Amino acid sequence: MASDDRKFPRGPTPQDDAPKDVAPLSPMGSPLHERSAAGGVDVSTWERIAGADEFKALLKAKRRFIIPATIFFILYYFALPYLVGYHTAFMQRKVWGEMNLAYLFALSQFFMAWVLAAIYVAVAAGWDRRAAGLIKRFER
Amino acid sequence: MGNTALWMFLGFVAMTLVITYFSAKKSTGSSAYFAANRRITGWQNGLAVAGDYMSAASFLGIAGMIAFNGYDGFMYSVGFLVAYLTVLIIVAEPLRNAGKYTMADVLAYRLKPRPVRAMASLSTLTVSIFYMIAQMVGAGTLVRQLLPGVSYEMAVIGVGVLMVVYVVFGGMLATTWVQIIKAVLLMSGSFFLSILVMSKFNFSLGNFFQAVSAVTFTGADGVPVTRNFLTPGLLFKNPLDQISLGLALVFGTAGLPHILIRFYTVPDAKTARTSVVWAMILIGLFYIMTTFFGFGAASLLGPDHLKLHGGTNMAAPELARFLGGEVFFAFISAVAFATILAVVAGLTISASTSFAHDFFTNVIHHGKEHRPGEEVRVARITAFVVGAAAIVIAIVLGPAVNVAFLVGLAFAVAASANLPVIVFSLFWKRFNTTGAVCGLAVGLLSSIVLILISPDFMKQPLFPLKNPGIVSIPLGFLGAFLGALFTREPEAEAKYAELSVRANTGLGAEKATAE
């Protein structure tokens, strides 16, 4: 790894394997906080992004999905031990042949998890585009 | 017969050693050694996460629990999958964006690095080592039943030496591939087992559930009883026990260090997300299949037969023997070994990474590496020491130790200590160092103390539940919350903007490195 890097440096950061709590410089330019450390960009760049309307809107959009989704799956999941534990007779009701409500509800948890994950992936793709737009605007 | 299993197992070991050899050539720098150069793809990491997660406890333990207790065993299966929603929605992406090698990286971002890393490293080591000892003890007891002629001590030493070899020489890359191969083996083994079970019922779900609803076995008083194994409550008498366990699973998985560090091996947060989805598909399919081989063992073999042939842990291998003869028995046994090996390798690398990166480099040396390559060297030495310690402890404790309590402890600590602090540090601006240290300490202590006074440990328990989650998780959150509330740390608040931008946009995140 090291020898290739010496021949073709991807940026001015020395590749010496020393731990740095910063990313190495990319061809697009250094991460913002490094530039500020080098004396170029203002230290407050992170604050400027954090204060930008698009960023605030992105955070709000994320919160609007993540908080209800989390509450939903927690309620849906804990309904299972609750119903099975405290309403056992009801959950033993047979639905199809010998298959009872308790097993079907447990099985439905798997599909709930998969469907919620699929919805999350679809929604998060939109966040990715917005974040990419933001980065482009500020990294110039 | 034991020989077939042995040869299959040796085949697996040979394959993994070849991979370790090639990985060793590539694992030179820190990023290569700790994070496989961050070049693992989404589906590969998904397989590896699944391989890291589905332990022998899941495969053999849950199969046995369903075979003996029916429905209640299946409850475990559900919790293990739903837990990944917490990982997917709350933790994986911000962690990948803002961290480098360990969970503590994210905490140290805006908090005072030394106290936070020291505490986080302590809790990581606690979780990893307890979990690892549970796996090693499990491996030792299992081998005696699967391979007559190999003793408990030999099995523990064998597993220990192999995991040290993978981690010391091959680093994260070798560990990842061991986990990938194991996941493929485990999924295919379970799939064939399920198909064979269903073939006995002419592939009719109706017939299958018919048989499961009337399982006959000898009761405690020696009289045969017939029970509907689809009925809840054969194992858990106190519903609170199940809720507490569910809490530990759903919140603990997102705090398990060996799972979290897997997200640093992919190029970016988007790939981390894809890999969780892959993992969820595999883990979900696997746990749905526990229906077939767990209930299948109950109805085709019955608890009485299983009790005579190895007990709970042997339900899946015995079912394989019954359905597919000695060769299939050997294959399933070899899969069980592979399962244990992959999980202990993941635990070893998470423990050694945390010690080298968090404790050695950042706490002792204030974040500076005195000589190039020092961090990796320390990690290798730690892996060796951790492996040796785990072998010695597993042998000293012996096969009789209660493994369930060790695993319960690992999940409880992860949920009560790690998760509250991760969540607060990512989402609460006002959070600070005191809060993090309090949260980690309260979560760690309360879960350990509650387990020590639980029914697993005391004849007359002071705490009635087997799993402390329902009390210790709120305590961990409360400790973190109050600690932050009573102190102010303007620096931590000032850096929140940076952490938030990084976590939510991926700006300045660690990039994949060239090989």
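Looking at (1) of a type outside the set (S, T, N, Q); (2) open to solvent by 30 Å² or more (accessible area, probe 1.4 Å); (3) not in a helix (DSSP H, G or I), which is the one condition that is false for B:G367?
(2)
I'd like to know if the range B:106-114 contains one or more residues that are in contact (Cβ under 8 Å) with a residue 60 or more places away in the chain, of a type outside the set (K, R), in contact with a helix residue (DSSP H, G or I) (Cβ under 9 Å, 6 or more places away or on another chain) and surrounded by fewer than 24 Cβ atoms within 10 Å (Cβ to Cβ).
yes
What is the residue count in the range B:84-104 for residues that are assigned to a helix (DSSP H, G or I), open to solvent by less than 10 Å² (accessible area, probe 1.4 Å) and not aliphatic (A, V, I, L, M)?
Adding up the residues that qualify gives 3.
Being more than 7 Å from chain A (Cβ to nearest Cβ), buried (at least 24 other Cβ atoms within 10 Å of the Cβ), touching a Leu at 6+ places or on another chain (Cβ under 9 Å) and within 21 Å of A:L83 (Cα to Cα) is the requirement here; does B:F263 meet it?
no
For the range B:417-444, which residues satisfy the criterion of being open to solvent by 30 Å² or more (accessible area, probe 1.4 Å), more than 13 Å from B:G479 (Cα to Cα) and assigned to a helix (DSSP H, G or I)?
Within the range B:417-444, B:V423, B:F427 meet the criteria.
From (1) open to solvent by 60 Å² or more (accessible area, probe 1.4 Å); (2) within 27 Å of B:A269 (Cβ to Cβ), pick out the condition that doesn't hold for B:A512.
So the condition that B:A512 fails would be (1).
Quick check on my filter: what residues within the range B:215-235 are small (G, A, S), open to solvent by less than 60 Å² (accessible area, probe 1.4 Å) and modelled with pLDDT under 80?
The answer is B:G219, B:G222.
Determine whether the range A:49-66 contains at least one residue that is over 19 Å from B:A497 (Cβ atoms), aliphatic (A, V, I, L, M), modelled with pLDDT of 90 or more and open to solvent by 40 Å² or more (accessible area, probe 1.4 Å).
no
Which condition number in (1) modelled with pLDDT of 85 or more; (2) open to solvent by less than 40 Å² (accessible area, probe 1.4 Å); (3) more than 19 Å from the chain's Cα centre (by Cα); (4) within 25 Å of B:F9 (Cβ to Cβ) is the one that B:A388 fails?
(2)
Would you be able to tell me the number of residues in the range B:245-260 that are open to solvent by less than 30 Å² (accessible area, probe 1.4 Å), more than 9 Å from chain A (Cβ to nearest Cβ) and part of a helix (DSSP H, G or I)?
10
Looking at the range B:451-476 only, could you name the residues that are assigned to a helix (DSSP H, G or I), closer than 20 Å to B:V401 by Cβ and in contact with a Gly (Cβ under 9 Å, 6 or more places away or on another chain)?
Within the range B:451-476, B:I451 is the sole residue that qualifies.
Test B:Y33 against the criterion of being out of contact with any strand residue (DSSP E or B) (no Cβ under 6 Å at 6 or more places or on another chain), at pLDDT 90 or above and among the aromatic types (F, W, Y), and give yes or no.
no
Of the conditions (1) assigned to a helix (DSSP H, G or I); (2) more than 30 Å from B:A279 (Cβ to Cβ), A:R63 clears all except one; give me its number.
Only one criterion is unmet by A:R63, namely (2).
Quick check, is B:F486 within 14 Å of another protein chain (Cβ to nearest Cβ), among the aromatic types (F, W, Y) and open to solvent by 40 Å² or more (accessible area, probe 1.4 Å)?
Considered against the rule, which asks whether it is within 14 Å of another protein chain (Cβ to nearest Cβ), among the aromatic types (F, W, Y) and open to solvent by 40 Å² or more (accessible area, probe 1.4 Å), B:F486 comes out as no.
What are the residues in the range B:315-346 that are in contact with a Gly (Cβ under 7 Å, 6 or more places away or on another chain) and surrounded by 24 or more Cβ atoms within 10 Å (Cβ to Cβ), if any?
B:A315, B:E318, B:L319, B:I332, B:V335, B:I340, B:A342
Residue under question is A:Y86, and the condition is that it be among the hydroxyl-bearing types (S, T, Y) and within 29 Å of B:F427 (Cα to Cα); does it hold?
So A:Y86 fails the test.
For the subset of the range A:90-100 comprising residues that are facing another protein chain (nearest Cβ under 10 Å) and either open to solvent by 40 Å² or more (accessible area, probe 1.4 Å) or outside any helix (DSSP H, G or I) (or both), which member is modelled with the highest pLDDT?
Among those residues, the one meeting the criterion is A:N100.
Say whether the condition of being part of a helix (DSSP H, G or I) and at pLDDT below 85 is met by at least one residue in the range B:408-416.
Within the range B:408-416, one or more residues are part of a helix (DSSP H, G or I) and at pLDDT below 85.
Determine which member of the set B:Y84, B:Y76, B:Y33 is farther than 24 Å from A:F73 by Cβ, in contact with a helix residue (DSSP H, G or I) (Cβ under 6 Å, 6 or more places away or on another chain) and within 11 Å of chain A (Cβ to nearest Cβ).
When all the criteria are applied, what remains is B:Y33.
Restricting attention to the range B:184-232, and to residues there that are assigned to a helix (DSSP H, G or I), among the aliphatic types (A, V, I, L, M) and within 14 Å of chain A (Cβ to nearest Cβ), which single residue is farthest from B:G73 (Cα to Cα)?
Out of the qualifying residues, it is B:L205.
Take the conditions within 14 Å of chain A (Cβ to nearest Cβ), farther than 16 Å from B:I422 by Cβ and either surrounded by fewer than 17 Cβ atoms within 10 Å (Cβ to Cβ) or within 24 Å of the chain's Cα centre (by Cα) (or both) and apply them to B:I470. Does it pass?
yes
May I ask you to say which residue of B:G302, B:G294 is in contact with a strand residue (DSSP E or B) (Cβ under 6 Å, 6 or more places away or on another chain) and open to solvent by less than 10 Å² (accessible area, probe 1.4 Å)?
B:G302
The values are calculated or read from the model by the stated rules, or taken from the named source; none is laboratory data. All figures in this text were calculated on a predicted structure; none of them were measured in a lab. Quick reminder, even Gly has a Cβ in these numbers, built from the backbone with ideal geometry, and neighbours come from all protein chains shown. Ligands, DNA and RNA are stripped out before the accessible areas are found, and what is left, the full protein with its side chains, is counted by its heavy atoms. Shrake-Rupley method; radii C 1.70, N 1.55, O 1.52, S 1.80 Å.
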